[in-house]
Amino acid sequence: MKKLLTLVLSLTLLVSVVLPTTVLAVTSGSSVTVSIGGGAIPVVKCKWEQQPVADFAELEDGDPKHLIPGFQILPPLAACTKKMIEYYAVVTDEEDGGNVSQVFVDVYHPTGSPEPYGKSKVGGVPKLPYFKYEVPFTKLGHSAAEIALVSEATKRGLITFGSAFTLSDVIFELEKGTADLWKGSALIDYEQPAGKYGVHAFAVDANNNLSVVVFNQFDYIAVAGIEVDFTGIEFGSVNLGVEKMIPGDTNWNKTPGINGATVRNIGNTWASVKVKFDDMGFGQDVNLNWNVLFDARMGNDNAYYVGDIVPYKEITLANALGLSKKDELDFSIKILKGFGEHKGVITLGCVARAFEDPVPAWVVGVPSTDCSPD
């Protein structure tokens with residue numbers, strides 16, 4: 001007996017990822033030394049990070065009630081998108097009346113981040129691994145507007161003060177014009193790894209004197225997220241007792257359709273897919289045995305195949321999508337008893353998986369080079 005089956009997808013995204021050539025070259029060494037002048041060095045009195053007010057009025061969407069000291073930001077949970085982070089510092093130079101030549105921060109990915117964000121990236125003034133980028137600052141000044149920014153950031157618990165400095169010290173120097181507020185801006189990507197980002201702030205004066213570093217961390221809150229490019233699975237005609245698979249693929253459909261299931265990671269952690277089927281109305285026999293069973297797999301490796309999934313039991317697949325990766329989802333059905341047309345619901349979710357170094361074999365997927373928010 002054959003019957004036509006349709007599964008309507010219900011998505012619940014849960015939060016709890018060279019041709020060889022021969023070249024002959026001659027190299028020679030080079031060196032340079034930047035001279036350092038005398039006198040007092042510049043001082044970073046305080047620093048902080050926040051989101052632009054236009055993006056989020058409370059300045060940190062990861063902790064809008066400001067219960068945790070420091071800056072917390074959520075990932076955008078949308079493919080190929082980014083969020084802006086503003087970096088601030090109040091800097092003074094005793095010799096030059098607060099007039100320094102450069103202010104910047106060196107930012108580092110969280111320790112333990114997977115490549116290409118890992119320990120192979122070395123950079124910044126401290127020459128440390130996990131280097132992300134250097135953000136140059138521009139001077140805003142020391143007017144009432146700058147003082148208000150400092151006061152508001154302090155009120156919200158965002159500021160880190162340099163050694164032995166207080167808000168009163170900083171405001172006093174801003175009012176006197178011997179210190180200035182500086183600002184830099186840079187983006188963080190949806191796929192950047194979750195965790196605590198190290199931020200090292202420096203200032204340089206006209207004599208090339210480098211300040212003592214002021215260090216803090218901000219938290220890119222870990223949020224697992226997936227999205228799919230299909231709205232349902234159509235199993236078609238099925239024989240009793242015979243398993244039938246509807247294979248997925250890795251071709252991302254900008255317009256979601258039926259079958260050809262693809263899943264991609266839109267969070268900032270590795271993500272394992274969770275799946276739950278309803279019984280499609282097939283029910284159980286008197287011994288409480290289900291009349292329908294399902295299978296699920298992400299990718300092609302049978303080591304991660306899960307069979308005989310009973311209705312209403314949530315299953316977490318053992319492998320996980322890497323950051324910004326996509327892969328295929330295969331679904332199978334086996335009907336033990338039943339007749340006619342049936343419809344049902346698949347519920348998908350995900351769970352975060354901790355980063356490991358080196359990247360284990362169970363982290364899978366191909367790059368989402370075709371990703372777009374739609």
Each residue of segment 332-338 in order: what ³J(HN,Hα) in whole Hz does its phi give by Karplus 6.51 cos²θ - 1.76 cosθ + 1.60, θ = phi - 60°, with x for Gly and Pro? 10, 9, 9, 9, 8, 7, x
In whole Å, largest first, the alpha carbons of segment 286-374 cover along the principal axes 50, 30, 20
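Assuming R0 = 25 Å, what is the FRET efficiency of residue 84 and residue 357, from their Cβ-Cβ distance, to the nearest 0.05? Numbers along the way, then the final one.
On the way: r = 29 Å, r/R0 = 1.16.
In this case the efficiency is close to 0.30.
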Distance in nm between residue 94 and residue 366 label points, each 7 Å along Cα→Cβ, equals 6.3 nm
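Please work out the ratio of the alpha-carbon Rg of segment 70-135 to 2.2 N^0.38 Å and round it to two decimals. Intermediate values should be presented prior to the final figure.
Details: Rg = 15.6 Å, N = 66, 2.2 N^0.38 = 10.8 Å.
Cα Rg divided by the expected 2.2 N^0.38 Å: 1.45.
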Residue among 111, 101, 174 farthest towards the positive dipole end of segment 43-220, charges placed on Cβ: 111
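Given only helices, namely DSSP H runs of n ≥ 4 each adding -39500 (n - 2.57), what is the per-residue ellipticity at 222 nm of the chain, to the nearest 500 deg cm²/dmol? If you can, show how the numbers build up before the last one.
On the way: 2 runs with 22 residues, N = 374.
Per the formula, -2000 deg cm²/dmol.
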Give me a comma-separated list of calculated 3J(HN,Hα) values for segment 345-354, in order, Karplus coefficients 6.51, -1.76, 1.60 applied at θ = phi - 60°, integers in Hz, x for any Gly or Pro. 9, 10, 10, 10, x, 7, 10, 6, 10, 5
Between residue 245 and residue 178, the FRET efficiency computed from the C-beta separation at R0 = 56 Å comes out, to the nearest 0.05, as 0.20
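Add +1 for every Lys or Arg and -1 for every Asp or Glu among the other residues with Cβ under 12 Å from the Cβ of residue 301, and state the total. Kindly include the intermediate steps, with their values, before the conclusion.
Working: positive: 297; negative: 327, 328, 330.
Local net charge: -2.
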Which residue, 143, 57, 206, has the largest displacement toward the positive end of the dipole of segment 43-220 when charges sit on each Cβ (Lys, Arg +1; Asp, Glu -1)? 57
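Rounded, prolate or oblate: which fits the chain when a ≥ b ≥ c are the square roots of the eigenvalues of the alpha-carbon gyration tensor, with rounded for a/c under 1.5 and prolate only if a/b beats b/c? List each step's numbers first, then the result.
Values: a/c = 3.71, a/b = 2.25, b/c = 1.65.
Prolate, since a/c reaches 1.5 and a/b exceeds b/c.
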Residue 288 paired with residue 151, simple spin-label distance in nm, labels 7 Å along Cα-to-beta-carbon: 6.7 nm
Qualifying trypsin sites (Lys or Arg not before Pro) in segment 101-209, DSSP loop, other Cβ atoms within 10 Å at most 13: 127
Using the Cα centre as the reference, give the magnitude of the dipole from point charges on the C-beta atoms of segment 43-220 (Lys, Arg: +1; Asp, Glu: -1; all else neutral), rounded to the nearest 20 debye. 460 debye
Given the C-alpha centroids of segment 300-374 and segment 49-93, what is the distance between them in whole angstrom? 33 Å
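Counting other C-beta atoms within 10 Å, and keeping those with at most 15, which DSSP coil chymotrypsin sites (Phe, Trp or Tyr not before Pro) do you find in segment 315-363? Write down the numbers at each step before the final one.
Details: sites: 331, 339, 355, 362; in loops: 339, 355, 362.
Taking segment 315-363 and a limit of 15 other Cβ atoms within 10 Å, the loop chymotrypsin sites (Phe, Trp or Tyr not before Pro) found are 339.
Can you give me the relative contact order of segment 43-220 as a percent, contacts being Cα pairs under 8 Å and 6 or more apart? Walk me through the numbers on the way to the answer.
On the way: 399 pairs, mean separation 60.7, N = 178.
Relative contact order comes out at 34 percent.
Mind checking segment 299-374 for GluC sites (Glu not before Pro) that DSSP puts in a loop (not H, G, I, E or B) and that have at most 15 other Cβ atoms within 10 Å?
Numbers: sites: 314, 328, 341, 356; in loops: 314, 341, 356.
When the GluC sites (Glu not before Pro) of segment 299-374 are filtered for loop state and at most 15 Cβ neighbours within 10 Å, 314, 341, 356 remain.
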Residue (of 89, 75, 160) at the positive-pole extreme of the chain, dipole from beta-carbon charges: 75
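Would you please give the FRET efficiency between residue 163 and residue 302, computed as 1/(1 + (r/R0)^6) with r the Cβ-Cβ distance and R0 = 56 Å, to the nearest 0.05?
Details: r = 59 Å, r/R0 = 1.05.
The formula returns an efficiency of 0.45 here.
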For segment 43-220, what is the number of Lys pairs with C-alpha distance below 17 angstrom, counting only pairs 8 or more positions apart or on separate chains? 21
Let me spell out the model: positive unit charges on the Cβ of Lys and Arg, negative unit charges on the Cβ of Asp and Glu, origin at the Cα centre of the chain. What dipole size does that give, in debye rounded to 20? 880 debye
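No lab work stands behind these numbers, since they all come straight from the coordinates. Predicted model only: the values in this text are computed from it and were never measured. Glycine also receives a Cβ, built like all others from the backbone with ideal geometry; neighbour counts cover every protein chain displayed.
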